[in-house]
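The values are calculated or read from the model by the stated rules, or taken from the named source; none is laboratory data. Owing to the predicted nature of the structure, the values given are computational and were not obtained by experimental measurement. No Cβ is skipped: glycine too gets one built from the backbone with ideal geometry, and neighbour counts run over all protein chains shown. Heavy atoms of the whole protein, side chains included, go into the accessibility calculation; ligands, DNA and RNA do not. Shrake-Rupley method; radii C 1.70, N 1.55, O 1.52, S 1.80 Å.
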Amino acid sequence: MMLPIFFHKRRNTYQQGKYRPTNNTRRRGRTRKSPLALCIIATIITATWAIWYLYPTTEEEKKAVQEQLLTETRYIIAAGNTDILSFTTTRGDTILEGISSADTIKETTITKDTIAAQWVRKWEYLPYNGHNLVAEAADTPAICHKTQKEIATLLARQAQYIAQEQKTTKTQQADVDYFLRTHTVLDNGFDIVARYRKKLEQHSVALTQAATLVQKALKGKNLSLRIERRYYIIPDTTGNRTECIPHKVKDNLVHLTPEKNTGKPTITSRLCRKKDAPAMLKARRPHKKKAWTTAIDSIGTYTGGRDSMAMPHGYGQLHTHQGAYYEGEWTHGKRNGVGFSITPGQRLRLGEWKDDKFLGERITYTPERIYGIDISRHQHEKGRKRYSINWQDLRITSLGKKSKKIIHGKVDYPVRFVFIKATEGVTIRNKYFSADYAAARKHGYRTGAYHFFSSRTPGRHQAINFLRNSRYTKGDLPPVLDLEPTDAQIRKAGGIQALFRNVRTWLNTVENQRGVRPILYISQRFVNKYLSLAPDLHNNYDVWIARYGEYKPDVNLVYWQLSPDGRVKGIHGDVDINVYNGFNF
């Protein structure tokens, strides 16, 4: 009985897998997923992507991926591979503005603007995948397509323009400096002129630098002109800004990549598709208001207040295309009130304006100004009566009543200078001259002599009469020629040019003998009607003018006889009162 059992085949209990031991030496079998499970997973992923892709973007999500970029633009002229100069823009087709070295980038050497940008996906059908921006591409200006010859012509014109501007600026600086020497902060508009002087200094330095760069460019070869634009994400409150590098332009869009990770948009942001960016950028394009167009805008650039019709009103500044500048008060498009004007080829004008016409400058009379008098025999003789002058303590107590005057404080001014009539024509002399001259000098008054010109006798003979009967000592005021002819006297003298020839003879003769250039004493009427016919006299001689109006004379003034009816303590009767045009006598 034991034999069958003994020889019976024993069953291998380890044959089936569920009884096999697991150990590190036996590889486990892999589980296979059914095709149905794979299809379900793919369907879920596809459905999720479709819902994400087709679900409409909310306004909040659109705003989350919007951006504002700061653009900085400048033009560069290069010779070969070397950049020489840059400029910001052009005026017309010849004038370059904002010229500087190509190596220097300052606030004044670039044109700034802001544009709308949009964060987009790098790959169209995938969710957030990197920092990428698009913005509307700007057109390339026509100036960038100029040939080498055209660029050279442009630079040559610029050199001529700079030379003319330097000449004009130098003239204006001299005019402004003269004004600042002869005025104080108490004078209306002094601060405006002082500010303009700083502008002229800056402009002069910029012109010198521009002239050097233009000449350097003209000497270069293989000239080229290109535009350089830089894009920056507008800085946050910390002031940091991130530059965006443009890498391609396609379909009127410039594609940009920030140089560093800005942290926006976030990983959860729903970035827009590239094909949707143009429409979104167009929707964000700012609505441009209709530009104000007035008659002033066609003349130049105006900044300041305007009325309901867009005309200048209130306080404003106007730069004309011809280089003129006005700063001051306006009333409905016309200069009215106090204003400052400076124009190439004309004198500086600061004062009161009415309906676009310059009335003149009103002077402010203060004790700090330098006052003087001019006298003749009339201060000693009134009919049969004779009067002496008390030279010990002359004081001006009235500036006269012939015109309105702006006076600070009480009129009680010391006399600082005295002009004394010496001669007239070829025979007349003032018998009081020698005594008055000696007394004035003895009491410390700056003293000068003047001659009353006659239109009936030769200038040389009159000069000899003056030289014989007047005195000039070192420290005295220059000799003065008093020129007051009527129209009838000018006609009898042979006309204005004949009169001017005699005047020049007198001036030259006295200057040669005294060694100092005389001063011309004339009226405002003579200035307006005749002086422009003698440019040499107008430009080369200082003027002592008689004008009894309320506005300061618009000439190269050294003395202003402001009234004939002033009062001076120590002198009997009316006295001519004069003010020196300056504060350093």
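Sort out which residues of region 385-400 are under 16 Å from Lys431 (Cα atoms), not in a strand (DSSP E or B) and not β-branched (Val, Ile, Thr), and write them in order of number.
Across region 385-400, the qualifying residues are Tyr387, Ser388.
Name the pairs: first residue in region 197-213 and in contact (Cβ under 8 Å) with a residue 24 or more places away in the chain, second residue open to solvent by 40 Å² or more (accessible area, probe 1.4 Å) and not in a helix (DSSP H, G or I), Cβ to Cβ under 6 Å, at least 6 apart or on different chains?
Listed pairs, sorted by first residue: none to list.
Exactly one condition in (1) buried (at least 18 other Cβ atoms within 10 Å of the Cβ); (2) under 30 Å from Leu180 (Cα atoms); (3) at pLDDT 85 or above is false for Ile296; which is it?
(3)
Looking at this structure, is Ile464 open to solvent by 10 Å² or more (accessible area, probe 1.4 Å) and either of a type in the set (Lys, Arg) or under 18 Å from Lys421 (Cβ atoms) (or both)?
Considered against the rule, which asks whether it is open to solvent by 10 Å² or more (accessible area, probe 1.4 Å) and either of a type in the set (Lys, Arg) or under 18 Å from Lys421 (Cβ atoms) (or both), Ile464 comes out as yes.
Does any residue in region 73-99 that is more than 22 Å from Ser204 (Cα to Cα) and assigned to a loop (DSSP other than H, G, I, E, B) come within less than 8 Å, Cβ to Cβ, of a residue that is open to solvent by 20 Å² or more (accessible area, probe 1.4 Å) and of a type outside the set (A, V, I, L, M) six or more places away or on a different chain, and which pairs are these?
These pairs meet every condition: Gly80/Gly220; Gly80/Lys221; Gly80/Asn222.
Give region 158-186 a look and list any residue that's β-branched (Val, Ile, Thr), more than 21 Å from His408 (Cα to Cα) and open to solvent by less than 20 Å² (accessible area, probe 1.4 Å), or say none.
Hits for region 158-186 are Ile162, Thr169, Val176.
Would you please name the residue that is nearest to Lys442 (Cα to Cα), looking only at residues in region 356-382 that are open to solvent by 70 Å² or more (accessible area, probe 1.4 Å) and free of Cβ contacts under 8 Å to residues at least 60 places away in the same chain?
Step by step, filter region 356-382, then rank; the result is Arg377.
Take residues that are open to solvent by less than 30 Å² (accessible area, probe 1.4 Å) and small (Gly, Ala, Ser) and tell me which of the helices (runs of 4 or more DSSP H) falling wholly in region 481-585 contain 1 or more.
496-514
Quick one: would you say Tyr128 is open to solvent by 20 Å² or more (accessible area, probe 1.4 Å), at pLDDT below 80, part of a loop (DSSP other than H, G, I, E, B) and not β-branched (Val, Ile, Thr)?
Here the answer is yes, as Tyr128 does meet what is asked.
Report, ordered by the first and then the second residue, all pairs with beta carbons closer than 6 Å, sequence separation of six or more or different chains, a first member in region 176-193 that is at negative phi and modelled with pLDDT of 80 or more, and a second member that is crowded, with 16+ Cβ neighbours inside 10 Å and of a type in the set (S, T, N, Q).
Hits for this filter: Thr182/Asn581.
Per-residue answers, yes or no, for (1) under 25 Å from Tyr580 (Cβ atoms); (2) touching an Asp or Glu at 6+ places or on another chain (Cβ under 8 Å); (3) open to solvent by 80 Å² or more (accessible area, probe 1.4 Å):
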| position | (1), (2), (3) |
| --- | --- |
| Gly339 | no, yes, no |
| Gly345 | no, no, yes |
| Gly351 | yes, yes, no |
| Lys354 | no, no, yes |
| Ser388 | no, no, yes |
| Trp391 | yes, no, no |
| Lys402 | yes, yes, yes |
| Gly425 | no, no, no |
| Arg429 | no, no, yes |
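Conditions: (1) under 16 Å from Arg349 (Cβ atoms); (2) surrounded by fewer than 18 Cβ atoms within 10 Å (Cβ to Cβ); (3) not basic (Lys, Arg). Ala152 meets all but one. Number of the miss?
(1)
Condition first: closer than 19 Å to Val558 by Cα and outside any helix (DSSP H, G or I). Can you find one or more residues in region 171-178 that meet it?
no
Only one residue in Phe466, Phe419 is in contact with an Asp or Glu (Cβ under 6 Å, 6 or more places away or on another chain) and not in a loop (DSSP other than H, G, I, E, B). Which one?
Phe419
Restricting the first residue to region 149-170 and requiring it to be under 13 Å from Leu218 (Cβ atoms), which pairs with a second residue that is among the β-branched types (Val, Ile, Thr) and surrounded by 16 or more Cβ atoms within 10 Å (Cβ to Cβ) meet a Cβ separation below 6 Å and a spacing of at least six or different chains?
So the pair list comes out as Leu155/Val214; Gln158/Val214; Ala159/Val214.
Name the pairs: first residue in region 404-419 and on the phi > 0 side of the Ramachandran plot, second residue surrounded by 11 or more Cβ atoms within 10 Å (Cβ to Cβ), Cβ to Cβ under 9 Å, at least 6 apart or on different chains?
Within 9 Å, the pairs are Gly409/Tyr365; Gly409/Thr366; Gly409/Pro367.
Going by what's in this entry, would Gly372 be described as within 25 Å of Phe583 (Cα to Cα), under 39 Å from the mean Cα position of the chain (by Cα) and at pLDDT 95 or above?
yes
Do the conditions hold for Ala440, that is, is it open to solvent by less than 10 Å² (accessible area, probe 1.4 Å), touching a residue at least 40 places away in the same chain (Cβ under 8 Å) and either in a loop (DSSP other than H, G, I, E, B) or over 21 Å from Tyr365 (Cα atoms) (or both)?
For Ala440, the condition - open to solvent by less than 10 Å² (accessible area, probe 1.4 Å), touching a residue at least 40 places away in the same chain (Cβ under 8 Å) and either in a loop (DSSP other than H, G, I, E, B) or over 21 Å from Tyr365 (Cα atoms) (or both) - is met.
I'm trying to understand the selection: among the residues of region 63-72, which are out of contact with any Cys (no Cβ under 7 Å at 6 or more places or on another chain) and in a strand (DSSP E or B)?
Answer for region 63-72, where residues must be out of contact with any Cys (no Cβ under 7 Å at 6 or more places or on another chain) and in a strand (DSSP E or B): Gln66, Glu67, Gln68, Leu70, Thr71, Glu72.
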